[in-house]
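Have a look at the structure below, then the notes.
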Amino acid sequence: MSASEPQEDSVEAAFRTTFDRKLLPRLLKLAAPYSKFVAGALVVLFLESLVQLAGPLLTAAAIDLVLTPGAGAASGSNVLVGKVLALFGATGDKPLALVVLSLLYAASAALAFGFTALLVNFTSRMGQGVMFDLRTKIFGHLMKTDVAVYDKTPVGRLMTRLTTDVDALNELFTSGFVALLGDVAILAGIVVVLFLMNPPLAFVTFAVLVPMVFVTNWFRKGARDTYRDVRIRIASVNSFLQEHLSGISVVQLFRREKKALDDFGKVNDEHRKANVESIFYYSVFYPALDSLSAVGMAAIVLFGGFQVIEGAMTVGAVVAFLQYSKRFYRPLMDLSEKYNILQAAMASSERIFQLLDTAPTITAPEKPVALARPVQGDVLFTDVKFGYKPDEPVLKGVSFHVPAGQTFALVGATGSGKSTLLNLLLRFYDVTSGSVKVDGHDVRSLDPRDLRSPFGIVLQDPFLFTGTLAENVAFFDPSMSRERIQNACLEVGLGPLLARLPDGLDTKLGERGGGLSAGEKQLVSLARALAQDPRILILDEATSSVDPETEALIERAIEKLLSGRTSLVVAHRLSTIVRADRILVLSQGTMREAGTHAELLAKGGLYARLYALQRKDAEAA
Ligand SMILES: Nc1ncnc2c1ncn2[C@@H]1O[C@H](COP(=O)(O)OP(=O)(O)OP(=O)(O)O)[C@@H](O)[C@H]1O
Ligand SMILES: [Mg+2]
């Protein structure tokens, strides 16, 4: 019992993708409906950066113009602040200047607060909007997607597109793009201000960038590899849990609890190790950057200090440098972390677009023929060949004609292709060669929605949805009258069940019809078909056996269902088979025999043998 392999390939692929030039325009297009928020965010961002830059200048001014003996020294930037003070008439008045400077400082902090709050509001509204649109779009696409795609793709993987991948994109839109721009704006602003203030000292400040780039690069690579490792390991843990929890009764039946626990210990431990390794990189990276920025500040104190001694620089300017350098290194650290987020988001977006780009093939032709109403229900298969995989033919040339209003039974061994025939009639798949016609029209010449509307379908495995019993019978068609629902239920023999349920028709069913027995679910799906009153009935009889009483109910329900319409039934019940107008015997993808019950028995072929076997079974039971 091994956990299914994690999707290493897709995770690998995730990290091979870098900023693809084709992805970016498509991503921006997603944000287009929210351009208002984007524009707002950019404006606020610009203002916020300005306010952020003002703080150290004000401190410097306070020190140089007011607090230092012999104040009034105007070094570069302080000329500007000096002008501002003049505006308030506070040039010569030290206490007033101090008050004005403090107030300005407080005001800039308040503004920064306001701008940041606005920024978060704008970006998250954009991000949530994009997520909402994208989820709606993906779900809409999945609704139209060919059934064949679901044969190949695990549902879990499709769910990941809608959940994790969309979330990763949200990161990109909220904390990614805008924060990135914000960091870049602040960095650029600081570079400009520092060079304006004192070019040599600016060079000294930026010198520590060289080792920082190296450290950051080392971290980026290491963190990326370990992040990938952690993702693979957590996928292992998840798939192990999923498999063992959903199969818990099998685990307990075979007394594999201990073994399962041991196996879990292994995957769990791998996950722990991967995380510890990833934490190592973080544990070194941030302290290393902190130390480097401390070295940078020490350099500023040293070189700036000498310049102060020489009278080439004011104390305030050095203090401003120190403050700026602090604000400078922080976004650099953020940038390296965001790089990983961005890369993951790019990979997610690539997977999402890939899904959205797989166009359905089961679609309406350019000019679909409209099925004439009322639909007659004449079904014609002509030399139909088909395989789910190109090299494995399932149907090898099947022809038959069901005249309108007749009941045909399909019988044959398991895997002989009975359900496949029905899939082709409903056009869930297209034939490889030959043709399937309804009322004389090739199913491929019709709009699939038009084609399917006259059909009522009862599947081998009845599928009920979360909702009330009534909703399931009406199949969420709100226009169906309550009376019709009620009658359908009573006709198939659900009366006793309805009487027993406290809320009757309004009883809530769980996922997949949870709360009902297998037989009851079959009856509900029969009631669903009956309530629909279809022209053509497709019935894939379930093989699961039920108690004789329910069996009798189901038999009677089926009899009602078949009368007065074209019916194609994959039949296991003798009662259904015997009553059919014609029986088609399928064997390994070919039509071996066809005829009425009596004819086929007289022939003494495959059907006669199958019948004899079933009779023996029935007698033994
Ligand atoms: N989605 C699929 N993808 C690939 N192969 C499939 C798929 N569905 C069915 N097959 C294969 O096609 C063959 C015919 O399957 P089909 O479901 O038509 O059998 P059936 O006659 O309905 O059997 P049963 O009586 O057990 O329901 C089988 O060999 C099966 O393995
Ligand atoms: Mg089947």
(request) Let me know the shape class of the chain, please: from the alpha-carbon gyration tensor, a ≥ b ≥ c as square roots of the eigenvalues, rounded when a/c is under 1.5, otherwise prolate if a/b is greater than b/c, or oblate. (result) prolate
(message) Can you list residues from other chains, or at least 5 along the same chain, whose modelled amide H is less than 5 Å from the amide H of residue 537?
(response) 456, 566, 567, 568
(request) Scan around residue 467 for amide H atoms under 5 Å from its own, H built in the peptide plane at 1.01 Å from N, and keep only partners 5 or more places away or cross-chain. (result) 509
(request) Counting only C-alpha contacts under 8 Å and six or more residues apart, can you give the relative contact order of the chain as a whole percent? (result) 15 percent
(message) Apply the Karplus curve 6.51 cos²θ - 1.76 cosθ + 1.60, θ = phi - 60°, to the phi angles in the range 174-187 and return the couplings in whole Hz, x for Gly and Pro.
(response) 8, 8, x, 3, 5, 4, 4, 4, x, 4, 4, 4, 4, 4
(request) Report, in whole Å, the centroid distance computed from the Cα atoms of the range 399-429 and the range 560-609. (result) 11 Å
(message) Give the lysines reachable from residue 338 as a straight Cα distance under 17 Å; neighbours fewer than 8 places away on the same chain don't count.
(response) 221
(message) If you average the alpha carbon positions of the range 237-313 and of the range 116-195, how far apart do those two centres end up, in angstrom?
(response) 24 Å
(message) How high is the relative contact order of the range 483-621? Use alpha-carbon pairs under 8 Å, at least six apart in sequence, and give a whole percent.
(response) 19 percent
(message) Of all beta bridges DSSP finds with both residues in the range 379-620, what is the antiparallel percent, to the nearest 5?
(response) 55 percent
(request) Neighbouring Cβ atoms within 10 Å as the yardstick, rank 321, 177, 254, 195 fewest first. (result) 254, 195, 177, 321
(message) Student exercise: in the range 379-620, how many lysine pairs 8 or more apart or on different chains have Cα atoms under 25 Å apart?
(response) 16
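Please give me the summed charge of the neighbours of residue 530: other residues whose Cβ is under 12 Å from its Cβ, Lys and Arg +1, Asp and Glu -1. Numbers along the way, then the final one.
Values: positive: 484, 528, 556, 560, 565; negative: 491, 533, 559.
Local charge sum for residue 530: +2.
Name the longest site-free stretch of the chain, where the excluded sites are trypsin sites (Lys or Arg not before Pro) in a DSSP loop with no more than 14 other beta-carbon atoms within 10 Å. Spell out each step's value before the answer.
Details: sites that count: 21, 22, 255.
The reported range is 256-621.
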(message) Nearest 5 percent is fine: what portion of the DSSP beta bridges confined to the range 510-621 is antiparallel?
(response) 50 percent
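Given the -39500 (n - 2.57) contribution per DSSP H run of 4+ residues, what per-residue ellipticity at 222 nm results for the chain, rounded to the nearest 500 deg cm²/dmol? Before the final figure, lay out each step's value.
Details: 24 runs with 386 residues, N = 621.
The helix contribution divided over the chain gives -20500 deg cm²/dmol.
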(message) Taking the 0 to 90 degree range and rounding to the nearest ten, how far is the long axis of helix 518-532 tilted relative to the main principal axis of the chain, both from C-alpha atoms?
(response) 90 degrees
(request) Work out from phi, with θ = phi - 60° and the Karplus expression 6.51 cos²θ - 1.76 cosθ + 1.60, the ³J(HN,Hα) of each residue of the range 134-147, listed in order in whole Hz, and give x for Gly and Pro. (result) 5, 4, 4, 5, 5, 4, x, 5, 4, 5, 9, 5, 4, 4
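Quote the relative contact order of the range 379-620 in percent (integer), defining contacts as alpha-carbon pairs under 8 Å separated by 6+ residues. Could the numbers behind the result be given before it?
Working: 414 pairs, mean separation 64.5, N = 242.
Result for the range 379-620 is 27 percent.
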(message) As a footprinting exposure proxy, order 174, 205, 382 by other Cβ within 10 Å, with the fewest listed first.
(response) 382, 174, 205
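Tell me the net charge near residue 592. Cut-off is 15 Å between Cβ atoms, residue 592 excluded, with +1 for each Lys or Arg and -1 for each Asp or Glu. Please list the in-between numbers first.
Details: positive: 396, 418, 582, 603, 609; negative: 593, 599.
Computed value for this residue: +3.
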(request) Mind sorting 126, 143 by how few other Cβ atoms lie within 10 Å of their own Cβ, fewest first? (result) 143, 126
(request) Please give the FRET efficiency for residue 43 paired with residue 367, using the beta carbon to beta carbon distance and R0 = 60 Å, rounded to the nearest 0.05. (result) 0.75
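Just for the chain, what percent of DSSP beta bridges are antiparallel, to the closest 5?
Details: 21 of 40 bridges.
About 50 percent, rounded to the nearest 5.
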(request) Find out how many positive minus negative residues lie around residue 174, taking Lys and Arg as positive, Asp and Glu as negative, among other residues whose Cβ is under 13 Å from that of residue 174. (result) 0
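A short reminder: the numbers here are calculations on the coordinates, not readings from a lab. As the structure is a prediction and not an experimental result, all values here were calculated from the model. Cβ coordinates were reconstructed from backbone atoms using ideal geometry, including for glycine residues, and neighbour counts include every protein chain displayed.
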